[in-house]
Structure formats: C-alpha cells, structure tokens
Amino acid sequence: MNILRHFEDVPAAQRGGVYALGNFDGVHLGHQQVIKSAQAMAADMHAPMGLMVFEPHPLQFFFPERDFFRLTSFRSKAMVLQGLGVDILAALPFDASMAERQPADFVMDVLVNGLQATHIVVGYDFRFGKGRAGDTTVLQYMGEMEGFGVTVVNEVKDGEETYSSTRIRELLAAGDARGAARLLGRPWSIETQVIKGDQRGRTIGFPTANLSLAGHVQPAFGVYAVKVTIEDGAFAGNYLGVANLGKRPTFDKKDVLLEVHIFDFDGDIYDAHVNASLIEFIRPERKFDGLETLKAQISIDSEKAKQILAQEG
C-alpha cells in the first residue's frame with residue numbers, strides 16, 4: 001500500500017483512482033462496506049483504489065485541549081487497511097489552510113486537480129469543507145459538473161444498531177468489549193511500544209508489559225482477558241494474557257496504563273511494538289489493602305482469563 005502525505009504533485013501511478021473519503025476511525029464494519037464499494041468500482045474501472053483521511057483528525061485540530069478519543073492510531077489504521085487490500089492511503093494534513101477551504105475549493109483542489117479522482121465513494125453522513133458545509137448532495141453536484149462519479153453508501157446496521165465509531169466508543173466505555181468487537185469485526189486493540197513502569201509486577205510474580213493509552217479512547221477501567229501480538233524482536237509472536245487497564249489505585253497512581261501480564265512469558269520486550277486486544281471484561285478496577293490480597297486476586301483473574309481465552313480457541 002502506498003501512503004500519500006499531500007495532494008500536490010501526486011505520482012502519475014496514483015492519479016485517477018477511485019477514492020473512499022472519511023475518517024474511518026476504527027475501520028469498523030460500516031466503514032468496510034464503504035471500502036468494499038470503492039474496491040468493486042475500482043475493479044470495474046481498472047483503476048487503483050484509494051482511501052483519503054485527514055491526519056491529525058479534524059477534531060484534534062479544533063480542540064487540542066480535549067482528551068483524545070481515537071479507536072485506532074494512524075499506524076494501526078494503516079495496517080488494517082493494508083490487510084483489506086487498499087492500494088493508496090492519502091493521509092492529508094489537516095491544518096488551518098485545509099480547515100478554511102470551502103466545499104467547492106476542497107473538491108477542486110484536492111479531488112480534481114490533486115488526486116485526479118475518477119470516482120468518489122462516501123458514507124451517507126459524509127460532510128466536508130469549512131464548517132462542514134458540504135454534504136453528499138453538494139459532492140454529487142460537483143461530480144456532475146467536473147466529470148467524476150459519486151457513490152453514496154447507505155447506513156449499515158447490525159440489527160437495529162448502526163455501525164458507528166461513536167457507538168463503539170460507548171460500548172468500550174461501558175466495558176462491553178465483545179459488543180465493540182461485533183461492530184468492529186475484530187476485538188478492539190491498542191498498538192504501541194512497551195514502556196518501562198515501576199517493575200513492581202515482576203517482584204510479586206506477575207511481570208507486565210506496560211502500554212500507554214495516550215491518544216486513544218479509554219475503555220472502562222478494569223481487568224480484561226487479552227490476546228497479545230509482539231510485532232518485532234526476538235519474542236515476536238502471538239500470546240495470551242490478562243491485563244489491568246486503569247490508574248492502579250492500590251499504589252495511588254494517576255496515569256492510565258494497560259498493564260499486560262502474558263501467561264508463561266518472562267522475556268524482555270521493552271520498546272517492542274505490541275498489539276493487545278481486549279477480549280472480555282472480567283471485573284472493575286479496585287483498590288486492594290495489600291500486596292498479598294492483590295496477588296491472590298491476580299491469580300483468580302488469570303484463571304478466569306485462561307477460561308475465557310480457551311473458549312475463544
């Protein structure tokens with residue numbers, strides 16, 4: 001998959017494609033319907049298929065002080081999209097200049113003169129341009145005027161529930177990891193580098209890989225059964241474990257970490273890229289009155305996680 005970071009001077013091989021537009025945070029099953037529609041159109045037209053997103057997310061630009069809420073980091077999103085067979089990821093910078101573009105200017109500057117798109121695919125609620133003034137009607141009108149096609153994908157539902165990033169965030173905040181996975185099409189995961197913590201887990205017999213949630217949505221604090229992929233280094237591979245997500249109130253900590261205890265593992269994986277998937281919520285985070293009580297509870301949580309993961313296969 002080729003990644004574009006600008007819309008000016010696009011290489012010839014990446015012009016004239018079919019582009020799906022949107023934020024695609026989470027790349028959930030609703031997003032995947034938009035992507036599949038674009039892929040089918042690209043196959044019919046013998047054209048490359050691309051995805052256009054903004055990086056950073058527009059809300060991060062407009063509200064930099066707000067706690068961030070991403071379901072997927074850019075790296076994770078790119079890996080999922082590559083797995084789905086996307087040819088081009090146009091990750092365009094969202095800055096003051098982009099924020100001020102009127103809808104018609106966005107279409108002409110980015111889609112027509114920049115990417116030279118032959119067809120555009122969007123979801124039913126797509127908005128664009130300054131003040132989100134552009135919608136699918138404006139886009140279709142511009143397509144007729146400028147000679148590119150437009151496909152609008154209708155709302156996609158799971159029964160009565162609409163596939164949406166907002167709904168997935170709500171499910172995660174409620175500790176419903178399985179509900180979030182149903183809409184995502186895979187378990188929600190955090191992919192980042194292992195950082196050094198207090199190394200207290202090793203002293204009580206439960207070493208952990210510590211992952212920062214900075215920049216990500218924060219699911220319900222508590223203990224989860226997890227699947228872990230170590231992506232690089234001597235210990236690269238797939239593992240099972242149990243994790244505590246939260247502030248570690250027993251030790252009066254304030255920062256939020258995902259502390260992952262990998263079963264039957266004692267390797268040094270500091271700085272390795274790790275992908276930890278939340279499979280099922282076991283219990284809320286709570287404060288313990290001492291290390292022995294905490295150790296006993298971790299043993300109970302570990303056995304529960306092993307049972308859950310054994311049923312997963």
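The values are calculated or read from the model by the stated rules, or taken from the named source; none is laboratory data. If you're wondering where the values come from, they're calculated on a predicted model, not measured in any experiment. For neighbour counting, all protein chains shown are included, and Cβ atoms are generated from backbone atoms with ideal geometry for every residue, glycine included.
For the residues 266, 255, the requirement of being out of contact with any helix residue (DSSP H, G or I) (no Cβ under 6 Å at 6 or more places or on another chain) and under 30 Å from residue 64 (Cα atoms) singles out 255. Of the strands (runs of 3 or more DSSP E) lying entirely inside segment 222-313, those containing at least 2 residues that are of a type in the set (S, T, N, Q) and out of contact with any Cys (no Cβ under 6 Å at 6 or more places or on another chain) span 237-246, 273-284. Apart from one condition, residue 94 fits all of (1) in contact with a Phe, Trp or Tyr (Cβ under 7 Å, 6 or more places away or on another chain); (2) at pLDDT 95 or above; the exception is (2).
Scan segment 2-20 and tell me whether some residue there is within 19 Å of residue 110 (Cβ to Cβ), touching a Ser or Thr at 6+ places or on another chain (Cβ under 8 Å), buried (at least 16 other Cβ atoms within 10 Å of the Cβ) and of a type outside the set (Gly, Ala, Ser). Checking segment 2-20: at least one residue is within 19 Å of residue 110 (Cβ to Cβ), touching a Ser or Thr at 6+ places or on another chain (Cβ under 8 Å), buried (at least 16 other Cβ atoms within 10 Å of the Cβ) and of a type outside the set (Gly, Ala, Ser). Residues considered: 180, 117. Of these, the only one that is at pLDDT 95 or above and under 30 Å from residue 224 (Cβ atoms) is 180. Within the set 64, 48, the sole residue that is surrounded by 16 or more Cβ atoms within 10 Å (Cβ to Cβ), out of contact with any His (no Cβ under 9 Å at 6 or more places or on another chain) and of a type outside the set (Phe, Trp, Tyr) turns out to be 48.
Matching residues to (1) among the basic types (Lys, Arg); (2) modelled with pLDDT under 95; (3) in contact with a His (Cβ under 6 Å, 6 or more places away or on another chain); (4) assigned by TED's automatic domain parsing to the domain that holds residue 217:
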site	(1), (2), (3), (4)
109	no, no, no, no
125	no, yes, no, no
132	yes, yes, no, no
140	no, no, no, no
144	no, no, no, no
147	no, no, no, no
154	no, yes, no, no
167	yes, yes, no, no
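Within segment 151-169, residues that are surrounded by fewer than 14 Cβ atoms within 10 Å (Cβ to Cβ) have Cβ atoms under 8 Å from residues that are at pLDDT below 90 and outside any loop (DSSP other than H, G, I, E, B) in these pairs: 155/162, counting only partners at least 6 apart in sequence or on another chain. Can we say residue 27 is outside any loop (DSSP other than H, G, I, E, B), β-branched (Val, Ile, Thr) and closer than 23 Å to residue 136 by Cα? No, not satisfied.
Among residues of segment 297-311 that are of a type in the set (Val, Ile, Thr), those with a Cβ under 7 angstrom from a residue that is outside any helix (DSSP H, G or I) and buried (at least 16 other Cβ atoms within 10 Å of the Cβ), sequence gap 6+ or separate chain, pair up as 298/206; 308/225; 308/279; 308/280. Hey, among the residues in segment 187-236 that are modelled with pLDDT under 95 and either assigned by TED's automatic domain parsing to the domain that holds residue 78 or on the phi > 0 side of the Ramachandran plot (or both), which one's farthest from the chain's Cα centre (by Cα)? Filtering segment 187-236 for residues that are modelled with pLDDT under 95 and either assigned by TED's automatic domain parsing to the domain that holds residue 78 or on the phi > 0 side of the Ramachandran plot (or both), the one farthest from the chain's Cα centre (by Cα) comes out as 205. Given the condition on the phi < 0 side of the Ramachandran plot, of a type outside the set (A, V, I, L, M, F, W, C) and in contact with a helix residue (DSSP H, G or I) (Cβ under 7 Å, 6 or more places away or on another chain), answer yes or no: does some residue in segment 287-308 qualify? Yes, because at least one residue in segment 287-308 is on the phi < 0 side of the Ramachandran plot, of a type outside the set (A, V, I, L, M, F, W, C) and in contact with a helix residue (DSSP H, G or I) (Cβ under 7 Å, 6 or more places away or on another chain).
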